Amino acid sequence: MQTVLITGGTGMVGQALTNYLIDNGYDVIVLSRSEKKSSRLHLSYAQWDIEKQYIDPEALKLADIIVHLAGESVATKRWTKKRKEEIVQSRVQSGALLVKALNENEHNVKTVVSASAIGWYGPDTAASLINGFKETDTPDNSYLGATCQQWEQSVASISNMGIRLVTLRIGIVFNKRGGALAEFIKPAKFGLATILGPGTQIMSWIHQQDLCKMILFAATNENIQGAYNAVAPMPATNKQIVELVAKKLFPFNITLKVPEFVLKIMLGEMSIEVLKSANVSSKKIQDAGFQFDYPTVDEALSQLLKK
(Lines give C-alpha, C1' and ligand atoms only; values in the text may rest on other atoms or scores of the structure.)
Protein backbone atom coordinates (compact mmCIF):
# COMPACT_ATOMS: atom_id res chain seq x y z
CA MET A 1 0.00 0.00 0.00
CA GLN A 2 1.43 3.37 -1.03
CA THR A 3 1.50 6.44 1.19
CA VAL A 4 0.50 9.94 0.08
CA LEU A 5 1.73 12.97 2.02
CA ILE A 6 -0.59 15.98 1.63
CA THR A 7 0.12 19.64 2.34
CA GLY A 8 -3.02 21.76 2.71
CA GLY A 9 -4.89 18.60 3.64
CA THR A 10 -7.32 20.36 6.00
CA GLY A 11 -8.75 22.63 3.26
CA MET A 12 -11.85 21.95 1.17
CA VAL A 13 -9.99 20.09 -1.60
CA GLY A 14 -7.55 18.48 0.84
CA GLN A 15 -10.31 16.90 2.92
CA ALA A 16 -12.08 15.55 -0.17
CA LEU A 17 -8.79 14.21 -1.54
CA THR A 18 -7.97 12.49 1.75
CA ASN A 19 -11.29 10.63 1.66
CA TYR A 20 -10.86 9.79 -2.03
CA LEU A 21 -7.35 8.39 -1.56
CA ILE A 22 -8.31 6.27 1.45
CA ASP A 23 -11.32 4.93 -0.46
CA ASN A 24 -8.92 3.97 -3.26
CA GLY A 25 -6.56 2.02 -1.01
CA TYR A 26 -3.90 4.56 0.00
CA ASP A 27 -2.44 5.52 3.35
CA VAL A 28 -2.57 9.29 3.88
CA ILE A 29 -0.40 11.54 6.02
CA VAL A 30 -1.69 15.11 6.37
CA LEU A 31 0.83 17.78 7.36
CA SER A 32 -0.45 20.05 10.12
CA ARG A 33 0.95 23.00 12.07
CA SER A 34 -0.39 21.56 15.32
CA GLU A 35 -0.13 18.11 16.86
CA LYS A 36 -3.08 15.95 15.84
CA LYS A 37 -4.01 12.34 16.28
CA SER A 38 -6.27 10.35 14.01
CA SER A 39 -8.59 7.55 15.08
CA ARG A 40 -9.27 6.74 11.45
CA LEU A 41 -7.65 3.78 9.75
CA HIS A 42 -5.12 4.73 7.02
CA LEU A 43 -5.02 8.40 8.11
CA SER A 44 -2.33 10.03 10.25
CA TYR A 45 -0.99 13.52 10.87
CA ALA A 46 2.54 14.88 10.96
CA GLN A 47 3.89 18.31 11.88
CA TRP A 48 5.35 20.96 9.67
CA ASP A 49 6.17 24.62 10.19
CA ILE A 50 6.51 26.77 7.09
CA GLU A 51 8.06 29.74 8.91
CA LYS A 52 10.68 27.55 10.56
CA GLN A 53 11.08 25.53 7.33
CA TYR A 54 10.49 22.23 9.12
CA ILE A 55 8.82 18.98 8.05
CA ASP A 56 8.69 15.83 10.18
CA PRO A 57 11.45 13.73 8.53
CA GLU A 58 9.70 10.46 9.46
CA ALA A 59 6.61 11.47 7.49
CA LEU A 60 8.79 12.31 4.52
CA LYS A 61 10.51 8.94 4.78
CA LEU A 62 7.17 7.11 4.63
CA ALA A 63 5.84 8.99 1.60
CA ASP A 64 5.78 7.59 -1.94
CA ILE A 65 3.81 10.54 -3.34
CA ILE A 66 3.46 14.17 -2.23
CA VAL A 67 0.40 16.24 -3.11
CA HIS A 68 1.11 19.92 -2.47
CA LEU A 69 -2.08 21.95 -1.97
CA ALA A 70 -0.96 24.42 0.71
CA GLY A 71 -1.70 28.12 0.29
CA GLU A 72 -3.86 30.86 1.79
CA SER A 73 -7.30 31.16 0.18
CA VAL A 74 -7.52 33.75 -2.58
CA ALA A 75 -11.24 34.43 -2.18
CA THR A 76 -12.07 34.58 1.54
CA LYS A 77 -10.71 38.06 2.38
CA ARG A 78 -10.41 41.42 0.65
CA TRP A 79 -7.14 41.88 -1.24
CA THR A 80 -5.33 44.37 0.95
CA LYS A 81 -1.59 44.80 0.38
CA LYS A 82 -0.94 42.61 3.43
CA ARG A 83 -3.38 39.91 2.29
CA LYS A 84 -1.89 39.77 -1.19
CA GLU A 85 1.55 39.24 0.29
CA GLU A 86 0.20 36.47 2.56
CA ILE A 87 -1.31 34.70 -0.46
CA VAL A 88 1.99 34.78 -2.35
CA GLN A 89 4.25 33.88 0.56
CA SER A 90 2.10 30.98 1.74
CA ARG A 91 2.68 29.38 -1.65
CA VAL A 92 6.30 30.35 -2.23
CA GLN A 93 7.52 29.49 1.28
CA SER A 94 5.71 26.15 1.44
CA GLY A 95 7.13 25.25 -1.98
CA ALA A 96 10.63 26.22 -0.83
CA LEU A 97 10.17 24.05 2.26
CA LEU A 98 9.28 21.01 0.14
CA VAL A 99 12.37 21.54 -2.03
CA LYS A 100 14.58 21.94 1.05
CA ALA A 101 13.12 18.88 2.78
CA LEU A 102 13.51 16.66 -0.28
CA ASN A 103 17.10 17.83 -0.72
CA GLU A 104 18.13 17.35 2.89
CA ASN A 105 16.25 14.24 4.07
CA GLU A 106 16.19 10.57 3.26
CA HIS A 107 13.03 9.73 1.32
CA ASN A 108 11.46 7.47 -1.31
CA VAL A 109 9.27 10.08 -3.03
CA LYS A 110 8.81 9.29 -6.70
CA THR A 111 6.15 11.87 -7.64
CA VAL A 112 5.05 15.33 -6.55
CA VAL A 113 1.70 16.72 -7.71
CA SER A 114 1.61 20.44 -7.02
CA ALA A 115 -1.38 22.76 -7.23
CA SER A 116 -1.43 25.95 -9.24
CA ALA A 117 -4.42 27.83 -10.67
CA ILE A 118 -5.93 29.08 -13.90
CA GLY A 119 -5.19 32.57 -12.57
CA TRP A 120 -2.01 31.91 -14.61
CA TYR A 121 -4.06 32.99 -17.66
CA GLY A 122 -5.37 36.44 -18.39
CA PRO A 123 -8.76 37.50 -19.75
CA ASP A 124 -9.96 35.80 -22.92
CA THR A 125 -8.50 36.66 -26.30
CA ALA A 126 -9.93 35.96 -29.74
CA ALA A 127 -7.79 32.79 -29.85
CA SER A 128 -8.71 31.53 -26.37
CA LEU A 129 -12.42 31.98 -27.02
CA ILE A 130 -12.07 29.51 -29.88
CA ASN A 131 -9.47 27.03 -28.60
CA GLY A 132 -9.12 27.79 -24.89
CA PHE A 133 -5.99 28.78 -23.00
CA LYS A 134 -3.29 26.10 -23.25
CA GLU A 135 -0.52 25.13 -20.84
CA THR A 136 2.12 26.64 -23.15
CA ASP A 137 0.56 30.12 -22.84
CA THR A 138 2.63 32.64 -20.90
CA PRO A 139 1.47 33.88 -17.48
CA ASP A 140 -0.72 36.95 -17.37
CA ASN A 141 0.78 40.26 -16.36
CA SER A 142 -1.50 40.61 -13.33
CA TYR A 143 -1.41 39.90 -9.60
CA LEU A 144 -2.77 36.36 -9.94
CA GLY A 145 -0.69 35.67 -13.04
CA ALA A 146 2.49 36.67 -11.17
CA THR A 147 1.39 34.72 -8.08
CA CYS A 148 0.86 31.52 -10.09
CA GLN A 149 4.23 31.98 -11.79
CA GLN A 150 6.02 32.32 -8.43
CA TRP A 151 3.98 29.39 -7.07
CA GLU A 152 5.08 27.09 -9.87
CA GLN A 153 8.68 28.31 -9.79
CA SER A 154 8.92 27.57 -6.05
CA VAL A 155 8.75 23.81 -6.72
CA ALA A 156 10.22 23.67 -10.23
CA SER A 157 13.63 22.39 -9.08
CA ILE A 158 12.01 19.18 -7.76
CA SER A 159 12.06 17.88 -11.34
CA ASN A 160 15.89 18.08 -11.23
CA MET A 161 16.00 15.60 -8.32
CA GLY A 162 14.84 12.60 -10.33
CA ILE A 163 11.30 13.13 -9.03
CA ARG A 164 8.41 13.39 -11.48
CA LEU A 165 6.67 16.74 -11.02
CA VAL A 166 3.13 17.41 -12.25
CA THR A 167 1.55 20.85 -11.84
CA LEU A 168 -2.25 21.14 -12.00
CA ARG A 169 -3.64 24.58 -12.85
CA ILE A 170 -6.94 24.25 -11.07
CA GLY A 171 -10.13 26.00 -12.17
CA ILE A 172 -13.15 26.96 -10.07
CA VAL A 173 -13.82 23.91 -7.91
CA PHE A 174 -17.48 22.96 -7.58
CA ASN A 175 -18.28 21.87 -4.04
CA LYS A 176 -21.61 22.81 -2.48
CA ARG A 177 -19.99 23.32 0.95
CA GLY A 178 -17.53 26.00 -0.14
CA GLY A 179 -16.09 28.14 -2.90
CA ALA A 180 -18.00 29.87 -5.69
CA LEU A 181 -20.79 27.29 -5.94
CA ALA A 182 -21.70 27.69 -2.27
CA GLU A 183 -22.09 31.44 -2.88
CA PHE A 184 -24.39 30.80 -5.86
CA ILE A 185 -26.47 28.37 -3.78
CA LYS A 186 -27.26 30.86 -0.96
CA PRO A 187 -29.60 33.16 -2.97
CA ALA A 188 -30.76 30.31 -5.22
CA LYS A 189 -32.41 28.63 -2.20
CA PHE A 190 -34.78 31.61 -2.14
CA GLY A 191 -35.43 31.57 -5.87
CA LEU A 192 -32.87 34.23 -6.81
CA ALA A 193 -30.42 33.77 -9.67
CA THR A 194 -27.81 36.47 -8.96
CA ILE A 195 -25.76 37.10 -12.08
CA LEU A 196 -22.41 38.82 -11.54
CA GLY A 197 -21.79 41.75 -13.87
CA PRO A 198 -22.64 41.01 -17.50
CA GLY A 199 -22.94 37.26 -16.87
CA THR A 200 -21.26 36.52 -20.19
CA GLN A 201 -17.86 35.86 -18.60
CA ILE A 202 -16.74 32.25 -19.09
CA MET A 203 -16.00 30.26 -15.94
CA SER A 204 -13.65 27.30 -16.28
CA TRP A 205 -14.73 24.95 -13.51
CA ILE A 206 -14.21 21.36 -12.30
CA HIS A 207 -16.29 19.04 -10.12
CA GLN A 208 -14.41 18.29 -6.89
CA GLN A 209 -14.59 14.53 -7.49
CA ASP A 210 -13.03 14.94 -10.93
CA LEU A 211 -10.26 17.04 -9.38
CA CYS A 212 -9.51 14.32 -6.80
CA LYS A 213 -9.60 11.73 -9.58
CA MET A 214 -7.22 13.85 -11.68
CA ILE A 215 -4.76 14.30 -8.80
CA LEU A 216 -4.59 10.52 -8.37
CA PHE A 217 -4.31 10.09 -12.15
CA ALA A 218 -1.37 12.52 -12.19
CA ALA A 219 0.25 10.81 -9.21
CA THR A 220 0.10 7.32 -10.69
CA ASN A 221 0.53 7.91 -14.43
CA GLU A 222 4.26 7.87 -15.12
CA ASN A 223 3.85 9.13 -18.68
CA ILE A 224 2.79 12.63 -17.69
CA GLN A 225 4.79 15.49 -16.24
CA GLY A 226 4.75 19.27 -16.32
CA ALA A 227 1.69 21.53 -16.32
CA TYR A 228 -1.90 20.42 -16.98
CA ASN A 229 -5.13 22.40 -16.75
CA ALA A 230 -7.51 20.92 -14.18
CA VAL A 231 -10.78 22.12 -15.70
CA ALA A 232 -13.83 20.37 -17.14
CA PRO A 233 -14.06 20.15 -20.94
CA MET A 234 -17.27 22.21 -21.10
CA PRO A 235 -16.83 25.66 -19.50
CA ALA A 236 -19.93 27.82 -19.10
CA THR A 237 -20.85 31.46 -18.59
CA ASN A 238 -21.64 32.88 -15.18
CA LYS A 239 -25.25 33.39 -16.29
CA GLN A 240 -25.62 29.77 -17.43
CA ILE A 241 -24.22 28.41 -14.16
CA VAL A 242 -26.17 30.71 -11.84
CA GLU A 243 -29.50 30.14 -13.62
CA LEU A 244 -28.97 26.38 -13.65
CA VAL A 245 -28.22 26.35 -9.90
CA ALA A 246 -31.40 28.34 -9.23
CA LYS A 247 -33.48 26.10 -11.47
CA LYS A 248 -32.30 22.96 -9.70
CA LEU A 249 -32.97 24.35 -6.21
CA PHE A 250 -36.23 26.29 -6.61
CA PRO A 251 -39.16 25.70 -8.99
CA PHE A 252 -39.59 29.40 -9.76
CA ASN A 253 -36.79 31.92 -9.75
CA ILE A 254 -36.10 35.58 -10.39
CA THR A 255 -32.98 36.73 -12.21
CA LEU A 256 -31.08 39.59 -10.57
CA LYS A 257 -27.99 41.28 -11.97
CA VAL A 258 -25.30 42.58 -9.63
CA PRO A 259 -23.79 45.54 -11.52
CA GLU A 260 -20.03 45.73 -12.05
CA PHE A 261 -19.68 48.90 -9.97
CA VAL A 262 -21.35 47.18 -6.99
CA LEU A 263 -18.94 44.24 -7.26
CA LYS A 264 -16.00 46.64 -7.42
CA ILE A 265 -17.19 48.38 -4.24
CA MET A 266 -17.84 45.08 -2.44
CA LEU A 267 -14.77 43.15 -3.56
CA GLY A 268 -12.20 45.76 -4.50
CA GLU A 269 -9.40 44.42 -6.71
CA MET A 270 -10.73 40.87 -6.40
CA SER A 271 -13.68 41.92 -8.59
CA ILE A 272 -11.32 41.75 -11.60
CA GLU A 273 -11.21 37.96 -11.25
CA VAL A 274 -14.97 37.64 -10.68
CA LEU A 275 -15.66 39.59 -13.87
CA LYS A 276 -12.87 38.03 -15.95
CA SER A 277 -13.74 35.61 -18.73
CA ALA A 278 -11.24 32.74 -19.07
CA ASN A 279 -11.91 29.84 -21.43
CA VAL A 280 -9.32 27.23 -20.40
CA SER A 281 -8.68 24.03 -22.37
CA SER A 282 -8.68 20.51 -20.87
CA LYS A 283 -7.40 18.91 -24.08
CA LYS A 284 -3.89 18.08 -22.79
CA ILE A 285 -5.06 16.05 -19.79
CA GLN A 286 -7.73 14.32 -21.90
CA ASP A 287 -5.14 13.45 -24.55
CA ALA A 288 -3.12 11.85 -21.72
CA GLY A 289 -6.05 9.49 -21.08
CA PHE A 290 -8.01 11.21 -18.32
CA GLN A 291 -11.80 10.79 -18.47
CA PHE A 292 -14.16 13.14 -16.66
CA ASP A 293 -17.08 11.79 -14.66
CA TYR A 294 -18.76 15.22 -14.83
CA PRO A 295 -17.82 16.92 -18.12
CA THR A 296 -20.82 19.29 -18.27
CA VAL A 297 -22.25 21.82 -15.83
CA ASP A 298 -25.62 20.08 -15.91
CA GLU A 299 -24.09 16.72 -14.94
CA ALA A 300 -21.96 18.29 -12.22
CA LEU A 301 -24.79 20.31 -10.67
CA SER A 302 -27.26 17.44 -10.92
CA GLN A 303 -24.90 15.32 -8.79
CA LEU A 304 -23.96 18.06 -6.32
CA LEU A 305 -27.47 19.45 -5.82
CA LYS A 306 -29.46 16.22 -5.82
CA LYS A 307 -31.96 16.03 -2.97
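LYS284 meets each of the listed conditions (1) exposed (fewer than 15 other Cβ atoms within 10 Å of the Cβ); (2) touching a residue at least 12 places away in the same chain (Cβ under 8 Å); (3) basic (Lys, Arg) apart from (1). If I ask for residues that are in contact with an Asp or Glu (Cβ under 9 Å, 6 or more places away or on another chain), more than 13 Å from VAL274 (Cα to Cα) and assigned to a strand (DSSP E or B), which ones from the range 197-225 would you list? Hit for the range 197-225 is HIS207, nothing else. Among the conditions (1) without any contact (Cβ under 8 Å) to a residue 60 or more places away in the chain; (2) surrounded by 15 or more Cβ atoms within 10 Å (Cβ to Cβ); (3) more than 25 Å from ILE241 (Cβ to Cβ), GLY162 misses just one, which is (2). For the range 31-49, the criterion of being farther than 25 Å from ILE172 by Cβ, in a helix (DSSP H, G or I) and of a type outside the set (S, T, N, Q) is met by none of the residues. Write out, first by first residue and then by second, each pair whose Cβ atoms fall under 6 Å of each other, whose residues are 6+ apart or on separate chains, and whose first residue, in the range 32-55, is more than 24 Å from VAL88 (Cβ to Cβ) and among the aliphatic types (A, V, I, L, M) while the second is buried (at least 16 other Cβ atoms within 10 Å of the Cβ) and at pLDDT 90 or above. These pairs meet every condition: LEU43/VAL28; ALA46/ILE29; ALA46/LEU31; ALA46/ASP56; ALA46/ALA59. Close Cβ contacts (under 6 Å, 6 or more residues apart or on different chains) running from residues in the range 246-272 that are free of Cβ contacts under 8 Å to residues at least 24 places away in the same chain to residues that are among the hydroxyl-bearing types (Ser, Thr, Tyr) and assigned to a helix (DSSP H, G or I) comprise LYS264/SER271. The condition (being buried (at least 22 other Cβ atoms within 10 Å of the Cβ), part of a helix (DSSP H, G or I) and touching a Cys at 6+ places or on another chain (Cβ under 6 Å)) is satisfied by just one residue among LEU21, LEU17, LEU60, LEU98: LEU17. Would you please name the residue that is nearest to the chain's Cα centre (by Cα), looking only at residues in the range 246-266 that are surrounded by 14 or more Cβ atoms within 10 Å (Cβ to Cβ) and part of a loop (DSSP other than H, G, I, E, B)? Going through the qualifying residues, I end up with PHE250. Which condition number in (1) under 26 Å from ILE158 (Cα atoms); (2) part of a helix (DSSP H, G or I) is the one that GLU269 fails? Of everything listed in (1) under 26 Å from ILE158 (Cα atoms); (2) part of a helix (DSSP H, G or I), GLU269 misses just condition (1). Each residue in the range 101-124 was checked for being assigned to a loop (DSSP other than H, G, I, E, B) and surrounded by 15 or more Cβ atoms within 10 Å (Cβ to Cβ), and 8 of them qualify.
In the range 112-121, how many residues are of a type outside the set (Phe, Trp, Tyr) and either farther than 23 Å from SER90 by Cβ or free of Cβ contacts under 8 Å to residues at least 60 places away in the same chain (or both)?
Of the range 112-121, the ones of a type outside the set (Phe, Trp, Tyr) are 112-119.
The next check asks that each one be either farther than 23 Å from SER90 by Cβ or free of Cβ contacts under 8 Å to residues at least 60 places away in the same chain (or both); those that pass are 112, 114, 117.
Of the residues in that region, 3 qualify.
The values are calculated or read from the model by the stated rules, or taken from the named source; none is laboratory data. If you're wondering where the values come from, they're calculated on a predicted model, not measured in any experiment. Positions of Cβ are generated from backbone atoms using ideal geometry, with glycine treated the same way; all protein chains shown enter the neighbour counts.
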